[in-house]
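First the structure, in the form of structure tokens, and then the observations on it.
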Amino acid sequence: MYTQALNQADTGSKLVEDADKLARFEAKIDAEERIEPNDWMPEAYRRTLVRQISQHAHSEIVGMLPEGNWITRAPTLRRKAALIAKVQDEGGHGLYLYAAAETLGVSREELIDQLLSGRAKYSSIFNYPTLTWADIGCIGWLVDGAAIMNQIPLCRTSYGPYARAMIRICKEESFHQRQGYEIMLTLCRGSAEQKAMAQDALNRWWWPALMMFGPPDAASVHTEQSMRWKIKRFTNDALRQQFVDATVPQAHFLGLTIPDPDLRYDEASGHWRFGAIDWEEFRQVLAGNGPCNRERMEARRRAHEEGAWVREAALAHAAKRRARAAAKIAAE
Ligand code: FAQ
């Protein structure tokens, strides 16, 4: 009886303590202060961040594959150097993001395991093939363009390590977007065949790029809570509309046609209104049935297996350094 009363008192004071912590956490969010790794945070906030940051990291790493496919076939040395640098940047973004996720108490091994076992998602866009050189232009222009639109607001996300990682990532993405647009401009000012290649790439990448922003707001399970926590600053539909508004004039400047017969400018709102997105295609890609899902996962699994010796060597080297340092201290 006595123990039960004590337990109840314990539970009661724990609840009061948690309510206090929650109030402090919410006050910080309201005041636009950053939440840092050692701060108390609700478990659901932590889980949401691990989910979003790790999916983002996986997207950067899997996102290296479609463009990596063209490094050996880039048309000039200048294009090859820029493409190698871009693909390397994407690898770097993945690493900053894994490091940001690790500050939330999850290990990198666990995150990689979630990706390789198919339990974690990565962006739908990277399950489409890169068939011609113009696809590399389109990825920079549209995919990095969409990524920037989505990621600039993440520089103000409420979790400090994620927000800080995004600042550098956005600077690099902006260079990526320009190199892609410059490829498109060169092709569009080139021969009729080159312009046709650019149009064909736009036809294939336009709709998947719009899907990158995620399901429509009405079907987005996480948006409402993530907006309340200021993890997300805009909804999926709001960002998609901003992207369309920014990109349509860029397509017109290239002399290309957006593959959407319903696209029209709405004078009253100042927005480009676009046609219906094929959400069944999006659902299929997320379910693993996109054109390249299997190929992408096989490539990542193979890279992980082939890299095992590097991880082992790095661990052995670190152990040797630790042993040497310990021996030196013992000898002093
Ligand atoms: N693909 O309730 P919501 C890049 C999932 S980086 C796959 O709206 P949320 C750089 C979502 O995870 C591109 N899955 O979810 C680059 C959730 O599933 P879950 C990646 C998607 O989180 C360029 C479910 O649907 N960027 O491109 C997608 O509030 C060139 C319900 O959705 C980021 O990750 C999708 N497109 O909003 C690299 C940015 N959309 O977890 C190489 C950070 C949604 O419940 C070359 N992430 N899902 O199983 C975000 O801003 C958000 O997570 C959203 C989704 C907006 C992607």
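Net length available on complete extension from GLU33 to ARG294 is 89.8 nm, with 0.36 nm assigned per residue and the Cα-Cα distance removed. Computed from the Cβ-Cβ distance with R0 of 22 Å, the FRET efficiency linking ASP245 to ALA219 stands at 0.50. Note that segment 146-255 carries a Kirkwood radius of 15.5 Å, evaluated over its alpha carbons pair by pair. Per residue, how many Å² of accessible area does segment 9-93 show with a 1.4 Å probe? Accessible area per residue: 52 Å².
Using the Cβ of HIS317 as centre and a radius below 12 Å, the other residues enclosed give a net charge of +4, where K and R count +1 and D and E count -1.
Working ranking of peptides 314-323, 283-292, 130-139 by packing, defined as the average number of other Cβ atoms within 10 Å per residue, highest first, is 130-139, 283-292, 314-323.
For segment 88-202, which whole percent of the accessible surface, found with a 1.4 angstrom probe, sits on carbon and sulfur atoms? Accessible surface attributable to carbon and sulfur in segment 88-202 totals 58 percent.
Just report the Cα centroid separation between segment 51-110 and segment 207-229, whole Å. Cα centroid to Cα centroid, the span is 23 Å. The Stokes-Einstein estimate for the chain, based on a Kirkwood radius over Cα pairs and taken at 10 °C with 1.306 mPa s viscosity, is a diffusion coefficient of 71 µm²/s. In percent, rounded to a whole number, the relative contact order of segment 236-285 is 27, using alpha-carbon pairs under 8 Å and six or more apart. Under 5 Å between amide hydrogens, built in the peptide plane, is the criterion, and for THR235 it picks out nothing among residues at least 5 positions away or on other chains. Using equal-weight Cα scatterers in the Debye expression, the normalised intensity of segment 235-332 in log10 at q = 0.16, 0.21, 0.24 Å⁻¹ is -0.89, -1.09, -1.19. Fully extending the segment from ARG156 to HIS252 would add 31.4 nm, taking 0.36 nm per residue of separation and subtracting the current Cα-Cα distance.
Rounded to the nearest 0.05, the FRET efficiency derived from the C-beta distance between LEU22 and ASP237 at R0 = 30 Å is 0.50. For the options ALA23, ALA57, ALA165, a Gaussian network treatment of the chain with springs between C-alpha atoms closer than 10 Å singles out ALA23 as fluctuating the most. Highest GNM mean-square fluctuation, the chain, Cα pairs closer than 10 Å: which of ARG78, ARG228, ARG300? So, out of ARG78, ARG228, ARG300, the one fluctuating most is ARG78. Anyone know which of GLN52, GLN151, GLN177 comes out most mobile in the 10 Å Cα GNM of the chain? Of GLN52, GLN151, GLN177, the most mobile in the Gaussian network model is GLN52. When shorter helices are ignored and each DSSP H run of at least 4 residues is given -39500 (n - 2.57), the per-residue value for the chain at 222 nm works out to -22000 deg cm²/dmol. For the chain, what does the relative contact order come out to in percent, with C-alpha contacts under 8 Å and a separation of six or more? Relative contact order comes out at 17 percent. Would you mind computing, in nm to one decimal, how far apart the modelled labels at ARG264 and ALA323 are, each placed 7 Å from Cα along Cα→Cβ? Going by the 7 Å Cα→Cβ label model, 7.6 nm.
Straight Cα distances below 27 angstrom link LYS171 to the lysines LYS80, LYS86, LYS121, LYS230, LYS232, with same-chain residues fewer than 8 positions distant left out. Partner aspartates and glutamates whose Cα lies under 19 Å from the Cα of LYS21, excluding those fewer than 8 positions away in the same chain, are identified as ASP10, ASP30, GLU32, GLU33, GLU36, ASP39, GLU43. Across segment 16-106, the relative contact order, built from alpha-carbon pairs under 8 Å that are at least six residues apart, equals 33 percent. The residues of segment 180-269 present an accessible area of 48 Å² per residue when probed at 1.4 Å with all protein chains retained.
The values are calculated or read from the model by the stated rules, or taken from the named source; none is laboratory data. None of these values were measured; they are calculated from a predicted model. Glycine also receives a Cβ, built like all others from the backbone with ideal geometry; neighbour counts cover every protein chain displayed. When the accessible area is computed, the model is the full protein with side chains, heavy atoms only, and any ligands, DNA or RNA have been set aside. Shrake-Rupley method; radii C 1.70, N 1.55, O 1.52, S 1.80 Å.
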